C-alpha cells in the first residue's frame, strides 16, 4: 500500500469511526430519553424511521451481492443489520431530540463525555466484530465470501 492509498484508507476509516461514534453516542442519549419516558411523540416519526430502515435494508443487500455472498448468508446478515439499524436510528434521533429539548439533563456533570467514550468503545468493538465474526462462528473466509 503506497502513501496515497494509506491516506485514503485512513481518511475513510477516520470518517467511518467518527460517524459511528456520533450515532452510538446519540443512541446512548436515546436510551436516557427512553428511561426518562421522553418517547411520547415517537409515533409521528415512525414512518421516517421505516424509510431510513428500508434504505439500510437495500444497501445491505446490494453490498453483500456485490461481494458474492450466497443467498442464505445475504438474507441472514441483512436481517440482523436492518434490525440493528432500525434500533440505532430510533435511539439516535430520539437522543438528539432529547439533548436538544433537555440539554441540562445531558450536559450535566460531563455525562455526554461518558456517552462519547462509550460510543468510541462501541465503534471499536463493532469494527473488530465485523472483521473477526467468522472466528466465532467457525466459518472460514474463502474466495467470494465476506
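Would you mind telling me which numbered condition in (1) in contact (Cβ under 8 Å) with a residue 24 or more places away in the chain; (2) under 19 Å from the mean Cα position of the chain (by Cα) residue 75 fails?
The one condition residue 75 does not meet is (1).
Being under 24 Å from residue 79 (Cβ atoms) and in contact with a helix residue (DSSP H, G or I) (Cβ under 7 Å, 6 or more places away or on another chain) is the filter; apply it to segment 1-27 and report the residue that is surrounded by the fewest Cβ atoms within 10 Å (Cβ to Cβ). Working first, answer last.
If we filter segment 1-27 for residues that are under 24 Å from residue 79 (Cβ atoms), which is where we start, we get 16, 19-20, 23-24, 26-27.
Okay, now just the ones that are also in contact with a helix residue (DSSP H, G or I) (Cβ under 7 Å, 6 or more places away or on another chain), so 20, 23-24, 26-27.
Details: 20: 18, 23: 20, 24: 24, 26: 22, 27: 24.
So, considering only residues that are under 24 Å from residue 79 (Cβ atoms) and in contact with a helix residue (DSSP H, G or I) (Cβ under 7 Å, 6 or more places away or on another chain), the one surrounded by the fewest Cβ atoms within 10 Å (Cβ to Cβ) is 20.
Just need a number here: residues in segment 17-39 that are assigned to a helix (DSSP H, G or I) and without any contact (Cβ under 8 Å) to a residue 12 or more places away in the chain. Steps first, please.
Taking segment 17-39 as the starting set, the residues that turn out to be assigned to a helix (DSSP H, G or I) are 17-35.
The next check asks that each one be without any contact (Cβ under 8 Å) to a residue 12 or more places away in the chain; those that pass are 18-19, 35.
Total satisfying the criteria: 3.
Residue 128 versus (1) within 20 Å of the chain's Cα centre (by Cα); (2) touching a residue at least 12 places away in the same chain (Cβ under 8 Å): which is the lone unmet condition?
(2)
Picking from 95, 85, 71, which residue would you name as being farther than 22 Å from residue 122 by Cβ and either surrounded by fewer than 12 Cβ atoms within 10 Å (Cβ to Cβ) or in contact with a helix residue (DSSP H, G or I) (Cβ under 6 Å, 6 or more places away or on another chain) (or both)? It would help to see each step written out before you state the result.
Values: 95 fails: farther than 22 Å from residue 122 by Cβ; 85 fails: farther than 22 Å from residue 122 by Cβ.
Among 95, 85, 71, only 71 is farther than 22 Å from residue 122 by Cβ and either surrounded by fewer than 12 Cβ atoms within 10 Å (Cβ to Cβ) or in contact with a helix residue (DSSP H, G or I) (Cβ under 6 Å, 6 or more places away or on another chain) (or both).
Select from segment 98-111 the residues that are more than 26 Å from residue 51 (Cβ to Cβ) and crowded, with 17+ Cβ neighbours inside 10 Å and list them in ascending order.
Restricting attention to segment 98-111, the residues satisfying the condition of being more than 26 Å from residue 51 (Cβ to Cβ) are 102-111.
Across segment 98-111, the qualifying residue is only 106.
Quick check on my filter: what residues within segment 102-116 are touching a helix residue (DSSP H, G or I) at 6+ places or on another chain (Cβ under 9 Å) and assigned to a helix (DSSP H, G or I)? Don't jump to the end; show me each part of the working.
At the first step, the residues of segment 102-116 found to be touching a helix residue (DSSP H, G or I) at 6+ places or on another chain (Cβ under 9 Å) are 102, 105-107, 111-112, 114-116.
Hits for segment 102-116 are 105, 106, 111, 112, 114, 115, 116.
What number goes with the only condition from (1) farther than 27 Å from residue 15 by Cβ; (2) in contact (Cβ under 8 Å) with a residue 12 or more places away in the chain that residue 92 does not pass?
(1)
Bear in mind these aren't lab numbers, they're just calculated from the coordinates by the rules spelled out. A quick note: this is a predicted structure, and the numbers were derived from the prediction, not measured. Here Cβ is always computed from backbone atoms with ideal geometry, including for glycine, and neighbour counts include all displayed protein chains.
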